[in-house]
1. Tell me, what ³J(HN,Hα) does each residue in region 97-109 have, in order and in whole Hz, if you take phi through Karplus 6.51 cos²θ - 1.76 cosθ + 1.60 with θ = phi - 60° and put x for Gly and Pro?
2. Can you work out ³J(HN,Hα) from phi for every residue in region 57-65, in order, using Karplus 6.51 cos²θ - 1.76 cosθ + 1.60 and θ = phi - 60°, giving whole Hz and x for Gly and Pro?
3. List, in order, the whole-Hz ³J(HN,Hα) value for each residue of region 33-41 obtained from phi through the Karplus relation with A = 6.51, B = -1.76, C = 1.60 and θ = phi - 60°; use x for Gly and Pro.
4. Rounded, prolate or oblate: pick one for the chain, where a ≥ b ≥ c are the square roots of the eigenvalues of its C-alpha gyration tensor, a/c under 1.5 means rounded, and failing that, prolate if a/b is larger than b/c, else oblate.
5. Once Lys and Arg get +1 and Asp and Glu get -1 on their Cβ, which of 73, 113, 46 lies farthest toward the positive end of the dipole of the chain?
6. Between residue 22 and residue 46, take the C-beta separation as r, use R0 = 22 Å, and let me know the FRET efficiency to the nearest 0.05.
7. For Cα pairs less than 8 Å apart in space and 6+ apart in sequence, what is the mean separation divided by the residue count of the chain, i.e. the relative contact order in percent?
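Where a number appears in this text, it was derived from the coordinates with a stated rule and is not lab data. Predicted model only: the values in this text are computed from it and were never measured. Glycine gets a Cβ as well: all are built from the backbone with ideal geometry, and neighbour counts include every protein chain shown.
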Amino acid sequence: MDVVDKNFRPRWANRGVFLLASLGSVIGLGNIWKFPALTWKHGGVAFLIAYSFALVFVGIPMLILEITLGQKMQRGAGGAIRGILPRFAGAGHAASFAGFVSVIPYNICLGIVLIYLLNTGA
């Protein structure tokens, strides 16, 4: 009988797979669908300057922090935050829940597309 290690966590096969998974999670439907409309609505180049500033000084450092923390702790969001300060474990669980909630509209869109695809008779 094989003994299963409860502390075992799967790892990425190589850096390329990790990079593609990261890009897939960062580049969402909103970047393709809604971003050009918001850019036009909120001032074009001025909006792009503010967006780029926020991306460079807030977005990218937070992404690097999250990836580094996950790599260092080798745990999920709740466990990684709990490893730093146990009182803040709820913040990691809240981040996981926020990710779950943000996926709901994507599932609705995919369901609608699937319904249309099945009803086309293709």
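1. Couplings: 5, 5, x, 4, 5, 6, 7, 4, x, 5, 5, 5, 4 Hz.
2. 9, 10, x, 5, x, 5, 5, 5, 4
3. Once θ is set to phi - 60°, the couplings for region 33-41 become 8, 9, 4, x, 5, 5, 4, 5, 5 Hz.
4. oblate
5. Looking along the dipole axis, the top candidate is 73.
6. 0.15
7. With pairs under 8 Å counted, the relative contact order is 10 percent.
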